[in-house]
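Take a look at the structure below.
The values are calculated or read from the model by the stated rules, or taken from the named source; none is laboratory data. All values derive from a computational prediction rather than experimental measurement. In this analysis, Cβ positions are derived from the backbone assuming ideal geometry, glycine residues included, and neighbour counts consider all displayed protein chains.
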Amino acid sequence: MTFRWFSERVSDCLALPADQALDALRKLIDDAEADKQAGYGPSQDDINRARRQWLDLYERTYRKEVA
């Protein structure tokens, strides 16, 4: 398996259809948080950036359904 940077894995998630992207990115973020708690994993800034991207995608996806 080829090593992928966290940011590359975030981009991979965001390339999926919206619902799948939200699920995949949430799992990636949860796993990254667990890794961080264990003493390794991506930087907290990278995790926070991924969270903001998740929130932006969520808002774009579900805001237009409500409007």
- What residue, among those in region 1-18 that are touching a Leu at 6+ places or on another chain (Cβ under 9 Å) and touching a residue at least 24 places away in the same chain (Cβ under 8 Å), is nearest to Asp45 (Cα to Cα)? Phe6
- Item | Residues satisfying the stated conditions in region 19-48, i.e. free of Cβ contacts under 8 Å to residues at least 40 places away in the same chain and of a type in the set (D, E, K, R) | Asp23, Arg26, Lys27, Asp30, Asp31, Glu33, Asp35, Lys36, Asp45
- Item | Criterion (at pLDDT 95 or above, of a type outside the set (A, V, I, L, M, F, W, C) and over 9 Å from the mean Cα position of the chain (by Cα)) met by exactly one of Asp31, Asp23 | Asp31
- Message: Looking for something within 11 Å of the chain's Cα centre (by Cα) and of a type outside the set (Ser, Thr, Tyr) - is there at least one such residue anywhere in region 39-47?
- Response: yes
